[in-house]
């Protein structure tokens, strides 16, 4: 299995991280589709759906900040095990809650992810471990495998959003109860991730230096964090849960059909991860990040105005083919420009502004949808992302580590 999962030169200890990422992505994939439908079925408004999406991202941002500030005092393996148990508790608690404020508390404290990308406290911990598992071009390839597992299983997770409909037809239970069962499954997946992370090397078996807070790389990390925050705020306007809500409202698409769309778009994102390392070797990490992102944003803006469902879905699929190719290149770049001991802190401090910026955006997007301005979040998202791409290219085009 390791031969299939890992690129040449990667340490076998990375396998549980890739498998854990796959399981979490599967759960995130169906949660992003079912979350708005479940909350509306419970009687919440579209504005409250946006607030809950904001709460999940804000809570993740604060947890990630805590990892960056104090995580160096603990071993990564212990923190990952704790995060997996928190994921399990999140699923069970969300399934047991039915009113706004308990749901709000679980969304803030827990690990739910309403977006297409991973914004959880798992990310900086896993990035630091993966960066230690290999070097050079193999590092970009390993991050590509990590992103591939996320995109591929997220696609299958989106397809699993149709499971409640299947449960209703076979058992006759209510729709709310069928969707609630999927959050119980989320908790069980969290326990499975915990079992996987038990296989990670124990602290006394490792000779690597413990992570430290930011030092010599502080200026570079701050600059990257500021730029990434613009990109994340833009993406937060159209997280998958809100994009699903847009498809529900604009084209009256069903939950099952929306799940099928996210399945195919997720497969496209996964396929693009395979091309990213090869493209990065040819044109450089930075060019890969920028020159695939801009056309994706143009597709999103165009989709906001086309009257045909099929054309809109086609544009969104093309966007999926391009928009995630920067992920492994960006992850490898951040890990390359800091010292090994700073990697966990660098991952955290580049993620925190991203998470904080994206946290406010779903509330804005939900409010715009509630006001009937269905095109506005998509246009704003695409425009801001293009601005980010141009800014990061200008800031780092002469950097010695972009290739």
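Structure notes:
- Ascending count of other beta-carbon atoms within 10 Å, so fewest first, for 101, 246: 101, 246
- The packing ranking, built from the mean of other Cβ atoms within 10 Å per residue, places the peptides 295-304, 167-176, 120-129, 47-56 in the order 120-129, 47-56, 295-304, 167-176, highest first.
- Working from label points 7 Å from Cα in the Cα-to-Cβ sense, the residue 390 to residue 274 distance is 3.5 nm.
- Added length on full extension, which subtracts the Cα-Cα distance from 0.36 nm per residue, residue 249 to residue 281: 7.3 nm
- Three-way shape label, the stretch 11-396, alpha-carbon gyration tensor, a/c 1.5: oblate
- In the stretch 11-396, Cα pairs under 8 Å separated by at least six residues give a relative contact order of 31 percent.
- For the pair residue 397 and residue 47, a Förster radius of 35 Å applied to the C-beta separation gives a FRET efficiency near 0.25, rounded to the nearest 0.05.
- Label zone at residue 181, where the point sits 7 Å out along the Cα-to-Cβ direction: the stretch 23-41 residues whose backbone N lies under 17 Å: 30-31, 34-35, 38
Quick note: the coordinates plus some simple rules give every number you see, no bench work behind them. The structure displayed is predicted, hence computed values, not measured ones. So basically every Cβ, Gly included, is an ideal-geometry build from the backbone, and we count neighbours across all protein chains shown.
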